[in-house]
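Student: Quick one: this structure, given as structure tokens, is what I'll be asking you about.
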Amino acid sequence: MKETYGLIATFDTTPRFYSACEKVRDAGYSQWDALTPFPIHGLDAAMGVRRSKVPRFSLAGGITGFVTGMSFIWWASAYEYALVVGGKPYFSPMYAFPVAYELTILFTAFATIIGMFLLNGLPMHYHPVLKAPQFVRATDDRFYIVIEARDPKFDAARTRALLEQSGGKDIAELEE
């Protein structure tokens, strides 16, 4: 026998779905998701989702790239290949800037991708929601709320009642 992953509920209209997300958020659930066929403005706030931490990875990558570029040119010019040609200084930020700029962009891109993968738990080759027969319409015209069984507030009967009161239809149990 397989374990229960959670409950999935279907919603027909955007306003009803948005309202249901607010009710689930207000009920105190933390391990749940909203699945829509198109972006809905303000849904993050309705779900109580905080700002992403990916920009922090990007900033750290950018700073690391800039410092690496400047440090490399400084090391190469002042120590490894210390040549005085025409009275130029051993190090000048003006000449190091193109390398630092390129490394800033490169490290920012890599840090952003790595941060996104880590925070999203990727790669994930399978998700239990994909087994739900009604989920085929998720990219067409239906909205879904999935509340996971690992949520501390999850109780199958109470969670089902909350989804029914919120206007959810075709409420089904998902298997792991």
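The values are calculated or read from the model by the stated rules, or taken from the named source; none is laboratory data. Note that the structure is a prediction, hence the values are computed from the model and not measured. When we count neighbours, we look across all protein chains shown, and the Cβ atoms used for this are built from the backbone with ideal geometry, even at glycine.
Student: Looking at the range 92-113, which of its residues are under 19 Å from residue 51 (Cα atoms) and out of contact with any Gly (no Cβ under 8 Å at 6 or more places or on another chain)?
Tutor: Within the range 92-113, just 113 meets the criteria.
Student: If the requirement is being at pLDDT 95 or above, within 30 Å of residue 22 (Cβ to Cβ) and aliphatic (A, V, I, L, M), which of these qualifies: 54, 67?
Tutor: 54
Student: Residues in the range 14-48 that are outside any helix (DSSP H, G or I), in contact (Cβ under 8 Å) with a residue 24 or more places away in the chain and more than 15 Å from residue 147 (Cα to Cα): how many?
Tutor: Final tally of qualifying residues: 3.
Student: Are there any pairs with C-beta distances below 8 angstrom linking a residue in the range 104-117 that is in contact (Cβ under 8 Å) with a residue 24 or more places away in the chain and within 12 Å of residue 60 (Cα to Cα) to a residue that is in a helix (DSSP H, G or I) and charged (D, E, K, R), with the two at least 6 apart or on different chains, and if so which?
Tutor: Final answer for the pair search is 115/56.
Student: Just to verify a result, which residue in the range 125-176, among those that are touching a Gly at 6+ places or on another chain (Cβ under 6 Å) and of a type outside the set (A, V, I, L, M, F, W, C), is nearest to residue 39 (Cα to Cα)?
Tutor: 148
Student: Which condition breaks for residue 25 when tested against (1) in contact with a Ser or Thr (Cβ under 9 Å, 6 or more places away or on another chain); (2) closer than 27 Å to residue 172 by Cα; (3) surrounded by 15 or more Cβ atoms within 10 Å (Cβ to Cβ); (4) not aromatic (Phe, Trp, Tyr)?
Tutor: If we test residue 25 against (1) in contact with a Ser or Thr (Cβ under 9 Å, 6 or more places away or on another chain); (2) closer than 27 Å to residue 172 by Cα; (3) surrounded by 15 or more Cβ atoms within 10 Å (Cβ to Cβ); (4) not aromatic (Phe, Trp, Tyr), just (1) comes out false.
Student: Has the range 78-89 got any residue that is more than 30 Å from residue 163 (Cα to Cα), exposed (fewer than 15 other Cβ atoms within 10 Å of the Cβ) and basic (Lys, Arg)?
Tutor: Yes, because at least one residue in the range 78-89 is more than 30 Å from residue 163 (Cα to Cα), exposed (fewer than 15 other Cβ atoms within 10 Å of the Cβ) and basic (Lys, Arg).
Student: Residue by residue through the range 152-174, note down the ones that are surrounded by fewer than 17 Cβ atoms within 10 Å (Cβ to Cβ) and assigned to a helix (DSSP H, G or I).
Tutor: Selection gives 156, 157, 158, 161, 164, 165.
Student: OK, next. In the range 80-94, is there at least one residue being hydroxyl-bearing (Ser, Thr, Tyr) and either in contact with a His (Cβ under 6 Å, 6 or more places away or on another chain) or assigned to a helix (DSSP H, G or I) (or both)?
Tutor: There is no residue in the range 80-94 that is hydroxyl-bearing (Ser, Thr, Tyr) and either in contact with a His (Cβ under 6 Å, 6 or more places away or on another chain) or assigned to a helix (DSSP H, G or I) (or both).
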